[in-house]
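Visitor: I am attaching a structure below and will ask some questions about it afterwards.
The values are calculated or read from the model by the stated rules, or taken from the named source; none is laboratory data. The model shown is predicted, which means the values in this text are computed figures rather than measured ones. Backbone-built Cβ (ideal geometry, glycine too); neighbour counts: all protein chains shown.
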Amino acid sequence: MHNPATSLDSLIGYRLKEAQTLLRSRMDEALRGFELTTPQYTCLELLSRTPGASNSELARGAFVTRQTMNTLLQSLADRGLVKRAAAPDNGRVLPTTLTPSGEAILVRASDAVRAIEAQFVSGLDSDQRQTLHEYLGVCIAALRG
């Protein structure tokens, strides 16, 4: 039964969304100085870890559609931060890699993002951080089924 007297911030999903929104806002602010959006930054991070990843793989990892990822990749390529293959290597996949400029901006942007993440969990000790990470993993797995 729905209880209208229950405040929204007593709901775990609401608190998670509030935390995610604040974290994203702070990341957007910090990344603006690098002329990057948070999804563009995420794309660069993903490419640094999995060079040659496909558009679909990058889209899944950045939580955007394939069409949005295509636009992101084009804007990053236009800036010389990533290089896309001119022709598919197998089927329709156009592998993408970071350029030296992309690697350089990623290092600086990552420092800014890590500082925000550190602030985000600054009220937790290392055991609590680990526990939070584990519990979020359990929650994600439960919804994935």
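Visitor: Is there a residue being charged (D, E, K, R), in a helix (DSSP H, G or I) and either surrounded by 13 or more Cβ atoms within 10 Å (Cβ to Cβ) or at negative phi (or both) anywhere in the range 89-101?
Guide: Looking through the range 89-101, none of the residues is charged (D, E, K, R), in a helix (DSSP H, G or I) and either surrounded by 13 or more Cβ atoms within 10 Å (Cβ to Cβ) or at negative phi (or both).
Visitor: Does residue 7 count as touching a strand residue (DSSP E or B) at 6+ places or on another chain (Cβ under 8 Å) and not aromatic (Phe, Trp, Tyr)?
Guide: When the stated conditions are applied, residue 7 does not pass them.
Visitor: For residue 106, state whether it is in contact (Cβ under 8 Å) with a residue 12 or more places away in the chain, touching a Lys or Arg at 6+ places or on another chain (Cβ under 7 Å) and under 23 Å from residue 28 (Cα atoms).
Guide: no
Visitor: Which residue out of 48, 54 is of a type in the set (Gly, Ala, Ser), more than 15 Å from the chain's Cα centre (by Cα), surrounded by 11 or more Cβ atoms within 10 Å (Cβ to Cβ) and on the phi < 0 side of the Ramachandran plot?
Guide: Going through 48, 54 in turn, the sole match is 54.
Visitor: Based on this model, can you work out whether residue 77 counts as under 24 Å from residue 20 (Cα atoms) and either at pLDDT 95 or above or surrounded by 12 or more Cβ atoms within 10 Å (Cβ to Cβ) (or both)?
Guide: no
Visitor: Only one residue in 94, 98 is in contact with a strand residue (DSSP E or B) (Cβ under 9 Å, 6 or more places away or on another chain), within 22 Å of residue 40 (Cα to Cα), at pLDDT below 95 and not aromatic (Phe, Trp, Tyr), so which one is that?
Guide: Of 94, 98, the one residue that is in contact with a strand residue (DSSP E or B) (Cβ under 9 Å, 6 or more places away or on another chain), within 22 Å of residue 40 (Cα to Cα), at pLDDT below 95 and not aromatic (Phe, Trp, Tyr) is 94.
Visitor: Need pairs with beta-carbon distance below 8 Å; first residue in contact (Cβ under 8 Å) with a residue 60 or more places away in the chain and surrounded by 11 or more Cβ atoms within 10 Å (Cβ to Cβ) and within the range 11-35, second part of a helix (DSSP H, G or I) and among the charged types (D, E, K, R); sequence gap 6+ or separate chains.
Guide: 23/117; 34/108
Visitor: Can you find, within the range 109-140, the residue that is surrounded by the fewest Cβ atoms within 10 Å (Cβ to Cβ) among those that are part of a helix (DSSP H, G or I) and polar (S, T, N, Q)?
Guide: My answer is 126.
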